[in-house]
1. Being open to solvent by 30 Å² or more (accessible area, probe 1.4 Å) and touching a residue at least 24 places away in the same chain (Cβ under 8 Å) is the filter here; which residues of the range 123-138 pass it?
2. Of the numbered conditions (1) touching a residue at least 24 places away in the same chain (Cβ under 8 Å); (2) within 16 Å of the chain's Cα centre (by Cα); (3) open to solvent by less than 40 Å² (accessible area, probe 1.4 Å), Ile10 satisfies every one except a single condition; which is it?
3. Of the conditions (1) touching an Asp or Glu at 6+ places or on another chain (Cβ under 6 Å); (2) closer than 20 Å to Gln32 by Cα, Val85 satisfies every one except a single condition; which number is it?
4. Across the range 79-91, what is the number of residues that are surrounded by 14 or more Cβ atoms within 10 Å (Cβ to Cβ) and either touching a residue at least 60 places away in the same chain (Cβ under 8 Å) or in a helix (DSSP H, G or I) (or both)?
5. Would you confirm whether any residue within the range 139-158 is closer than 22 Å to Ala27 by Cβ and aromatic (Phe, Trp, Tyr)?
6. Within the range 158-172, is even one residue more than 23 Å from Val34 (Cβ to Cβ) and in contact with a strand residue (DSSP E or B) (Cβ under 8 Å, 6 or more places away or on another chain)?
7. If Met174 meets every condition in (1) modelled with pLDDT of 95 or more; (2) open to solvent by 70 Å² or more (accessible area, probe 1.4 Å) apart from one, which number is that one?
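The values are calculated or read from the model by the stated rules, or taken from the named source; none is laboratory data. Predicted model only: the values in this text are computed from it and were never measured. Here the Cβ positions follow ideal geometry from the backbone for every residue, glycine too, while neighbour counts run over all protein chains shown. Note: accessible area is taken over every heavy atom of the protein model, side chains too, but ligands, DNA and RNA are not part of it. Shrake-Rupley method; radii C 1.70, N 1.55, O 1.52, S 1.80 Å.
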Amino acid sequence: MQNSNEEVVISEVQGGVLTPADLDALAETLMQSVALGASIGFILPFGFVQAQAFWQKLLPAFERGEKRLLVARVAGKIAGTVQLVVDQPANGIHRGDVVKLMVHPDGRRKGIARQLMTAVEALAREEGKTLLVLDTVTGSPAQTLYENLGFTLSGTIPHYAMSTQGMLESTSVMYKVLM
């Protein structure tokens, strides 16, 4: 997917408008991520039709601006994505939730996740957010990435979510103050 000379372009999907090809690329990325064990809310078996339905269901939240969708493109094709939940209750308007960071298997180990996280942090700042929160599987490579990006472990919750294989896993809750 990415050669050393191919640039990664991070952009926001404006107004939730996605082409059919983009929806397919997002569905493929989600399906492949789940197949490889990403703990992002789904359990196997999980297929392309389910992945498409997931993205279709989110489109209204993107259109209303409740969630912001960033995509990473390599050679024009979506290689990764992350969401920022900006619609918060009155006592949490300063907070943004980072959710569903995923990179297509062909684009992994190339810095795309790091670039997406840097971009989502910049977007949060633009939105006036002063705190980012997220959760991830305890001890996962994602947790290491977040720690390297300055996120602090708040705590862990045992047996919080099921893995794609249906096993209960601990979750680490993390935050980053944006001051």
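1. Of everything in the range 123-138, those that are open to solvent by 30 Å² or more (accessible area, probe 1.4 Å) and touching a residue at least 24 places away in the same chain (Cβ under 8 Å) turn out to be Arg125, Glu127, Gly128, Thr130, Leu131, Val133, Asp135, Val137, Thr138.
2. Against the list (1) touching a residue at least 24 places away in the same chain (Cβ under 8 Å); (2) within 16 Å of the chain's Cα centre (by Cα); (3) open to solvent by less than 40 Å² (accessible area, probe 1.4 Å), Ile10 comes up short only on (3).
3. Every listed condition holds for Val85 apart from (2).
4. Matching residues across the range 79-91 total 1.
5. Looking through the range 139-158, none of the residues is closer than 22 Å to Ala27 by Cβ and aromatic (Phe, Trp, Tyr).
6. No, the conditions are met nowhere in the range 158-172.
7. Unmet for Met174, out of (1) modelled with pLDDT of 95 or more; (2) open to solvent by 70 Å² or more (accessible area, probe 1.4 Å): (2).
Matching residues to (1) open to solvent by less than 20 Å² (accessible area, probe 1.4 Å); (2) touching a residue at least 60 places away in the same chain (Cβ under 8 Å):
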{"residue": "Gly16", "(1), (2)": "yes, no"}
{"residue": "Pro45", "(1), (2)": "no, no"}
{"residue": "Ala53", "(1), (2)": "no, no"}
{"residue": "Ala61", "(1), (2)": "yes, no"}
{"residue": "Leu70", "(1), (2)": "yes, yes"}
{"residue": "Lys77", "(1), (2)": "no, yes"}
{"residue": "His94", "(1), (2)": "no, no"}
{"residue": "Pro105", "(1), (2)": "no, yes"}
{"residue": "Gln115", "(1), (2)": "no, yes"}
